[in-house]
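Taking it in order: structure first as structure tokens, then the write-up.
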Amino acid sequence: MKRLLVLAALLLTAPALAQEEQSTAPYAYRQLDDPAQETKAQDLMESLRCLQCQGQSIADSDAPIAGSMRSLVRERIASGEEPEAIRAWLIERYGDYVSYAPQLTTLTWPLFAVPAVLVLIAFLLLRRRFTRTPTENGQ
Amino acid sequence: MIAELGLAALWLAAALAALQLLAGALGLTARGATLGEAVRPVAIAQGLLALLAFACLIYVFSVTDLSVKLVALNSHSMKPLVFKIAGAWGNHEGSMLLWVTVMGMAGAFVALVERRLPERTMLATLAGQAFVSLGFYAFLLLASNPFERLSPVPAEGNGLNPLLQDLGLAFHPPTLYLGYVGLSIAFSFAIGALITREVGPTFAKAMRPWVLGAWIFLTVGIAAGSYWAYYELGWGGWWFWDPVENASLMPWLAATALLHSCSVLASRDALRSWTVMLGVVAFSMSMIGTFLVRSGILTSVHAFAVDPQRGTFILGLLAIYIGGALTLFGLRASTVAEGERFALVSREGALVVNNVMLSAILGIVLFGTLYPLVAEAMGAKVSVGPPYFNPMSALFALPMLVVLAVGPLLRWRRDKFARVGRNLVIPAMLVVAAGIALVLIGGVSLLPFLGLALAVGLGWASVLPLKGRNLRRTPLPIWGMVVAHFGIAVALFGMSSESAFSIEKLVAVKIGEVTQVGPWGIKLDTVEPVAGPNWTALEARLLVRYGTDGRVTRMLPQSRSFWAPVQQTSESALLTRWNGQLYAVLGGEAPSVDGKDEVNGSGNRWQLRLWWKPFVPLIWVGALLVALGGALALLGHVLNDWRRRVVRGKIAYRRERQGR
């Protein structure tokens with residue numbers, strides 16, 4: 001119950017927070033002026049997880065943390081940092097969980113092995129299916 | 001009273017399912033043959049009882065009977081009636097009741113009309129259906145009783161998640177469930193055929209309409225869900241490879257493969273064990289999907305039930321049914337002859353490629369969805385999202401789509417590319433032309449590029465099977481195939497166009513200010529408060545104009561505050577043109593940049609999120625075309641069967657009259 005009250009209080013004060021956010025996260029709801037940089041930032045934001053939300057990227061969430069992460073991404077892109085460097089920095093800070101693009105590590109290698117195995121299986125299945133076939137010349 | 005009636009009906013239905021299983025199983029033995037007679041009527045009664053229970057639940061929701069715990073937790077007296085009713089399945093218990101209801105009704109329907117298969121196979125099939133139902137009845141009655149009473153009765157209910165108070169939601173889950181659970185029939189047919197070892201064209205022809213029916217509902221359900229996410233979540237995304245979305249996609253992939261292998265089995269008596277296997281896999285995917293969504297093992301946008309105990313129960317059911325069916329398959333597959341042979345370049349060959357590719361995509365989606373859970377169990381958290389799924393599924397989807405352009409033109413058994421090659425010159429040229437055009441436009445990344453170019457060629461190639469046919473005498477299933485394949489091309493075009501050409505604009509504007517988004521000029525006219533039955537909102541009036549001389553149209557996005565439960569949502573406004581959709585969302589009030597404007601109150605800025613998404617509606621138009629194609633094929637098969645039955649009846653009648 002207490003938690004509910006806190007939650008309600010939080011929600012009621014949300015507009016105030018949003019205003020505060022303007023000063024700490026200026027680029028949460030503002031695009032970069034350079035369209036090329038904005039596209040870069042957008043692509044990166046779409047592949048970063050909003051840590052507070054459930055199954056949403058920071059590019060499509062209204063949560064405050066998503067807002068500040070968007071602002072962080074845009075500011076760093078604007079200062080000329082490469083998207084993958086920003087991703088690496090975020091992963092270092094928040095763990096692999098933050099990136100929707102799994103990196104190739106000792107933990108995630110099966111994710112990349114499976115498609116390769118599937119290609120192999122598909123090839124073998126098709127080959128087996130069609131090489132063993134005795135040709136049916138009108139029987 | 002009504003709630004108790006519902007519960008009683010549910011227990012009775014469960015008991016009848018047990019009887020159906022027993023009678024079906026004994027009916028297969030020599031001594032119990034007479035019991036077999038009871039199976040069909042019992043299946044029908046069981047379905048009707050489940051339906052009665054579901055009707056009772058809808059009733060208690062529609063009158064907001066707060067003494068029922070489920071109603072108190074998920075409804076509110078001030079909700080519009082349609083959302084009260086939709087609330088009945090917008091929660092864990094209700095949706096599981098919907099699940100068993102659909103399953104019971106599907107079984108009843110099969111028992112009522114399916115007469116093509118040998119009676120022994122039918123008994124085994126209906127017993128299998130009852131076996132699966134029984135587990136889910138047990139789950140409902142023991143672990144998630146929807147009719148539980150509450151004392152003392154609360155004065156008011158908790159309400160329904162506002163995101164779910166939407167017409168899209170009212171129809172999305174029932175449609176999806178008809179598809180999910182409809183696949184249980186394919187599963188039961190597969191089990192029945194494995195038990196009696198009767199796998200052949202008759203089996204495929206009997207199974208095909210049921211798979212088609214379920215698949216149509218799945219297609220529509222997935223499309224509706226995607227459109228709901230698109231306009232309701234307010235960020236313009238239509239597919240995020242969210243585990244819950246994947247849970248609905250996996251059965252669809254399996255069912256699509258099954259549909260195609262079914263037609264090989266029906267027409268050519270080939271791919272026997274493979275088809276049976278897919279029948280088992282398709283419904284297994286439905287069950288895995290239900291487990292993922294309902295167990296709370298994932299927490300994502302729409303997973304609104306969290307309870308680990310239930311998860312263990314469903315996991316147990318999964319182990320029994322999937323494990324059992326696969327074991328049965330393993331034991332019997334070797335005794336099912338492989339069937340007819342065919343060459344690589346043939347209609348069957350193309351369909352095999354389709355099957356292998358769809359299965360591979362299914363494998364990737366399944367693995368990518370489950371892997372984060374596995375990693376979490378090992379103590380590490382990873383996320384797998386669009387950057388993984390998009391390229392990995394395209395790896396298999398693109399070759400499959402190329403084969404799709406050629407396959408329907410090939411003859412059964414064996415053919416030569418040389419014969420069909422001439423027809424494909426135009427589609428190939430279209431692909432090249434589209435590719436060149438896209439290079440000239442520039443800035444399109446690889447996957448959308450391939451998608452757009454391929455979609456154009458595929459659109460042309462998909463109607464080629466009609467060439468040289470008398471259109472009026474073309475069988476309906478051929479029309480169905482053409483329409484569905486054309487729908488795939490249309491949807492592919494929409495998806496690729498959306499990701500290649502979308503324009504996003506986030507602005508903070510004053511009243512009267514004009515913003516340019518792609519070809520659109522958008523003026524914020526007013527922002528005013530409005531009220532609904534259980535919410536209040538700020539509504540912006542946008543005056544928008546396409547190009548410089550277009551008509552001015554109004555758009556009314558809202559920022560809503562619901563009070564039961566307290567939650568803010570953005571109601572997006574959509575404006576559809578033939579070449580795309582303008583998408584507008586009203587955000588919060590932004591403080592003025594310099595603070596000067598606040599003197600005269602009217603100078604406040606408002607956050608607007610605007611998107612121009614060229615051809616985005618084609619995604620759902622395409623999906624509906626795919627479903628329409630399925631419906632045409634289904635109608636064709638059913639009509640054919642019915643005609644044959646009428647002719648057979650007439651012949652029998654004449655023979656009788658002539659005294660032969």
(request) Would you order B:W611, B:W578 from fewest to most other beta-carbon atoms within 10 Å of each residue's own beta-carbon? (result) B:W578, B:W611
(request) Kindly put A:Y94, B:Y180, B:Y583, A:Y27 in sequence by how many other C-beta atoms sit within 10 Å of each C-beta, fewest to most. (result) A:Y94, A:Y27, B:Y583, B:Y180
(message) Just to confirm my understanding: which cysteines in the protein assembly as shown have no other cysteine beta carbon less than 4.7 Å from their beta carbon?
(response) B:C56, B:C262
(message) Charges at C-beta only: +1 for Lys and Arg, -1 for Asp and Glu. How large is the resulting dipole of the protein assembly as shown about its Cα centre, in Debye rounded to 20?
(response) 4360
(request) Return the long-range amide H neighbours of B:A270 (sequence gap of 5 or more, or a different chain), with a cut-off of under 5 Å between placed amide H atoms. (result) B:L265, B:E340
(request) Calculate, in whole percent, how much of the Cα-Cα pair population of chain B lies beyond 33 Å. (result) 54
(message) With Kirkwood's inverse mean 1/r over C-alpha pairs for Rh, give me the Rg to Rh ratio of segment B:517-582, two decimals please.
(response) 1.08
(message) Distance cut-off 24 Å, Cα to Cα: go down the list A:K40/B:K613; B:K205/B:K650; B:K79/B:K523 and report the pairs above it.
(response) B:K79/B:K523
(request) For B:N158, enumerate residues with amide H under 5 Å from its amide H, sequence gap 5+ or separate chain, H modeled in the peptide plane. (result) B:L73, B:N74, B:S75
(request) Extending each Cα 7 Å along its Cβ direction at A:Y94 and B:A155, get the distance between those two points in nm, one decimal. (result) 4.2
(message) Cβ neighbours within 10 Å, averaged per peptide: list B:165-172, B:466-473, B:532-539 in order, most packed at the top.
(response) B:165-172, B:532-539, B:466-473
(message) Take B:L326 and B:S67, extend 7 Å from each Cα along the Cα→Cβ direction, and tell me the distance between the two endpoints in nm.
(response) 4.8
(request) Provide the FRET efficiency to the nearest 0.05 for the B:A143-B:S77 pair, computing r from the beta carbons and using R0 = 35 Å. (result) 0.75
(request) Amide H neighbours of A:A28 under 5 Å, at least 5 residues apart or on other chains, H built in the peptide plane: list them. (result) A:S71
(message) Can you show me the helix-derived [θ] at 222 nm for chain B, built from DSSP H runs with n ≥ 4 at -39,500 (n - 2.57) apiece and divided by the number of residues, rounded to the nearest 500.
(response) -21000 deg cm²/dmol
(message) Please compute, over every Cα-Cα pair in segment B:1-160, the percentage with a separation greater than 28 angstrom.
(response) 29
(message) Report the rotationally averaged projected area of segment B:96-181 based on its alpha-carbon convex hull, in square nanometres.
(response) 7.9
(message) Order these by the 10 Å Cβ neighbour count, fewest first: A:S79, B:S383.
(response) A:S79, B:S383
(message) How compact is the protein assembly as shown by the rule of thumb for globular proteins, expressed as Cα Rg over 2.2 N^0.38 Å?
(response) 1.01
(message) Quick check: net charge around B:V527, other residues with Cβ under 11 Å of its Cβ, Lys/Arg +1 and Asp/Glu -1?
(response) -1
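Taken together, the values in this text are just the output of simple stated rules run on the coordinates, not laboratory data. In this text the structure is predicted, and so the values were computed from the model without any measurement. No Cβ is skipped: glycine too gets one built from the backbone with ideal geometry, and neighbour counts run over all protein chains shown.
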